[in-house]
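Please treat every number below as a calculation from the coordinates, not as lab data. What you see is a predicted model, and the numbers here were worked out from it, not measured in a lab. Glycine also receives a Cβ, built like all others from the backbone with ideal geometry; neighbour counts cover every protein chain displayed.
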């Protein structure tokens, strides 16, 4: 099957949020006006995965030329286990060869076992796609993540460069007072 990425147009923006709310927990969702504002100013890019006839899923990317990597903000396929998610990641790698950060909810010991299994499955999905996990403390709006990086071009990354890039990406998106109150990323010492 042949897959393509189709960039979302401004007329698609309002239909993106209902797609997000159908898949992502409330705690992981940015507010709709925030996402639309980022799309309109070009800080966020939305892509639909298609097979030429149907939409199969979507991805939202936060990017700025001042940051060495892009952030895969959201990725969801309409059907699971069909290879569409992997195909979408491969196409995104071609679009963003500088490197892609992905936040995956941390596998915390106090979670119910079924949730821990789901999170480990997500870790496996990204690792099979060539993403490497980098452990550093981070909590974004009370959600703890294990950050993964697929690195294309450039020097080999470390936890410090990933943490700094993630911090920079959130600083671009949020007013300073919200960043200070809700984003906790520990950039490791050299």
>> Run the helix sum for the chain: -39,500 (n - 2.57) per DSSP H stretch of 4+ residues, divided by residue count, reported at 222 nm to the nearest 500 deg cm²/dmol.
In response: -11000 deg cm²/dmol
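Based on DSSP, what percent of beta bridges with both residues in the chain are antiparallel, to the nearest 5? Each step should come with its number before you reach the end.
Values: 31 of 34 bridges.
Here the share of antiparallel DSSP bridges comes out near 90 percent.
By average Cβ neighbour count within 10 Å, what is the ranking of 111-121, 68-78, 177-187, 36-46 from highest down? If you can, show how the numbers build up before the last one.
Details: 111-121: 11.5, 68-78: 21.1, 177-187: 14.1, 36-46: 16.2.
Per-residue Cβ counts within 10 Å, averaged per peptide and sorted highest first, yield 68-78, 36-46, 177-187, 111-121.
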>> Using 0.36 nm times the number of residues separating residue 11 and residue 180, minus their current alpha carbon distance, what extension gain do you get?
In response: 57.5 nm
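Going by the alpha-carbon gyration tensor, a ≥ b ≥ c the square roots of its eigenvalues, is the stretch 43-119 rounded (a/c under 1.5) or, if a/c is not under 1.5, prolate (a/b greater than b/c) versus oblate? Display every interim value, and only then the final one.
Values: a/c = 2.50, a/b = 1.22, b/c = 2.05.
Cα axes put the stretch 43-119 in the oblate bin.
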>> When the expected Rg is taken as 2.2 N^0.38 Å, what fraction or multiple of it is the alpha-carbon Rg of the chain?
In response: 0.99
>> Using a Debye calculation, one point per C-alpha and no hydration shell, please list log10 I(q)/I(0) for the stretch 1-97 at q = 0.13, 0.19, 0.22, 0.23 Å⁻¹ in order.
In response: -0.43, -0.94, -1.24, -1.34
> Where q = 0.09, 0.10, 0.11, 0.24 Å⁻¹, what log10 of I(q)/I(0) comes from the Debye formula for the stretch 80-190, counting one point per Cα?
Replying inline: -0.26, -0.32, -0.39, -1.36
> How many times 2.2 N^0.38 Å is the alpha carbon radius of gyration of the stretch 21-66?
Replying inline: 1.32
> Between residue 66 and residue 29, how many nm apart are label points set 7 Å from Cα along the C-beta direction?
Replying inline: 3.0 nm
> From the Cα gyration tensor of the stretch 99-150, with a ≥ b ≥ c the square roots of its eigenvalues, which class applies: rounded if a/c is under 1.5, or else prolate if a/b is larger than b/c, or else oblate?
Replying inline: oblate
>> If I model a spin label at residue 114 and residue 41 as a point 7 Å from the Cα along the Cα→Cβ vector, what separation in nanometres do I get?
In response: 4.0 nm
